[in-house]
Amino acid sequence: MREAKKGRIKTGPVRRRYSDGEAPDMKVLPLRMEAEIVARLDEARERLGLKTRMDLFRKSLAEYLTAAGEHEVAQLFTKQA
């Protein structure tokens, strides 16, 4: 605390830099699942060659939305992948 009061270290929220200078407006979607289901999803994700759970969710949402005829919304997920 003394170092912060003397101005030697930064305090407050961490600010991230983005290539275009603007931070995107993001929302966090909490998702609860049983540990066994998460373990099985991770196994499937590895078999599919996907690096992260987020990749799995984005790809799954894009495919589901495309199949449901929501092509414009599905395209939002394919741009991030």
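The values are calculated or read from the model by the stated rules, or taken from the named source; none is laboratory data. Source: prediction; values computed, not measured. Using ideal geometry, Cβ is built from the backbone for each residue, glycine included, and neighbour counts are taken over all protein chains shown.
Values computed for the structure shown
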item	result
Options 50, 29: the member that is in a loop (DSSP other than H, G, I, E, B) and either among the small types (Gly, Ala, Ser) or modelled with pLDDT of 95 or more (or both)	50
The stretch 32-47, residues that are outside any loop (DSSP other than H, G, I, E, B) and either at pLDDT below 95 or of a type in the set (A, V, I, L, M, F, W, C) (or both)	35, 37, 38, 39, 41, 44
Search result, residues across the stretch 37-63 that are closer than 22 Å to residue 26 by Cα and of a type outside the set (Asp, Glu)	51, 52, 53, 54, 56, 57, 58, 59, 60, 61, 62
Selection from the stretch 55-70 of residues that are surrounded by 12 or more Cβ atoms within 10 Å (Cβ to Cβ) and assigned to a helix (DSSP H, G or I)	55, 56, 57, 58, 59, 60, 61, 62, 63, 64, 65, 66
